[in-house]
Structures are given as structure tokens and as C-alpha cells.
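I have placed the structure first, in the form of C-alpha cells, so that the comments after it can refer back to it.
The values are calculated or read from the model by the stated rules, or taken from the named source; none is laboratory data. Just so you know, these numbers come straight off a predicted model, no measurement behind them. Cβ coordinates were reconstructed from backbone atoms using ideal geometry, including for glycine residues, and neighbour counts include every protein chain displayed. These area figures cover heavy atoms from the full protein model, side chains too; ligands, DNA and RNA do not enter into them. Shrake-Rupley method; radii C 1.70, N 1.55, O 1.52, S 1.80 Å.
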Amino acid sequence: MAVQMELTRIIINENSDQHIIFLKEVDGERMFPIVIGIFEATSIDRRVKNTVSQRPLTHDLLAHTIELLGGDLQDIYISELREHTYFAKLRIRHEGEMMEVDARPSDAIALAVTVDVPIFVAEEILDEVAQ
């Protein structure tokens, strides 16, 4: 089962390569961190702060490409946690069919924030990170 989450916090650590985002359950209290890279952290932070760039950034480019090819990003789904690595999927509707595209969670979340679509996480992941 998928649980809807929301981005609640971004920590950009200028003295480290480890930047952290926190996702919190929309209809609950469960929360967990994901360590991400500086580019994704900065991209997410810009979206949250509504900072406009003069030229399209990578996540803008991907969102625009999906749209121009007739797709509609429905949501992103963090589907798996394997050997301390999260796996995500972009769920795109195209010509009435749902397609899933493999993505790093950090890129998927940056895209979700760019396009303003829901973020879902597999229930099993929430159970596992709670332990």
C-alpha cells in the first residue's frame, strides 16, 4: 500500500556532501530522512522558496519534456529500500496508459516539487525505517 507523504524539511550542510530531506506522512505522524546530493537539495530548496532561475534547470527540463511528449506526471512513488538505498518511480500517464520510469528518489522528489504532484512511499519502507 502507498502512503502519501509531504516534504517537511530540507537541510543543506555546506560543510558536507550529505544533505537531508525529511518526508512526513500526510495523514499521520511517521517521518523519515533521505540523504541526497547538493544539486537535488538546491533544486528542491529553490522550488520550496519559489526562486526563479533565468534558464531551465534539469528538473524543469524533464518536466517540460514529459509535457511536450504528451505525458502527465501523476505522482512519484518511493517503492523500495534495498541495501540502504531507496528506489523510486515516476508515474506518468501517457495516452491513457500508466508508465513507470525508474528514478533516484532525490530526482523524483525534486520533480514532484517542480510539477506539484503527490509523493507516495511504500508502507513497507515506513515500517522498515521505523525499526
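Residue pairs whose Cβ atoms lie under 6 Å apart, separated by 6 or more positions or on different chains, with the first residue in the stretch 42-54 and within 14 Å of ILE20 (Cβ to Cβ) and the second buried (at least 17 other Cβ atoms within 10 Å of the Cβ) and modelled with pLDDT of 85 or more, are ILE44/ILE10; ILE44/ALA110; ILE44/VAL113; ASP45/ILE10.
Taking the conditions (1) modelled with pLDDT of 90 or more; (2) surrounded by fewer than 20 Cβ atoms within 10 Å (Cβ to Cβ); (3) at negative phi; (4) touching a strand residue (DSSP E or B) at 6+ places or on another chain (Cβ under 9 Å) in turn, THR85 satisfies each one other than (4).
Return the residues of the stretch 102-111 that are crowded, with 21+ Cβ neighbours inside 10 Å and over 11 Å from LEU62 (Cα atoms); say none if nothing qualifies. Within the stretch 102-111, PRO105, SER106, ILE109 meet the criteria.
Somewhere in the stretch 39-62, is a residue within 22 Å of MET98 (Cβ to Cβ), in contact with a strand residue (DSSP E or B) (Cβ under 9 Å, 6 or more places away or on another chain) and not small (Gly, Ala, Ser)? Yes, the stretch 39-62 contains at least one residue that is within 22 Å of MET98 (Cβ to Cβ), in contact with a strand residue (DSSP E or B) (Cβ under 9 Å, 6 or more places away or on another chain) and not small (Gly, Ala, Ser).
Scanning the stretch 67-78 for residues that are crowded, with 20+ Cβ neighbours inside 10 Å and not aromatic (Phe, Trp, Tyr) gives LEU73, ILE76, ILE78. May I ask you to verify whether LEU90 is surrounded by 14 or more Cβ atoms within 10 Å (Cβ to Cβ) and at pLDDT 90 or above? Yes, satisfied. Scanning the stretch 1-58 for residues that are open to solvent by 70 Å² or more (accessible area, probe 1.4 Å), under 14 Å from ILE109 (Cβ atoms) and outside any strand (DSSP E or B) turns up PHE39, ARG46, VAL48, THR58.
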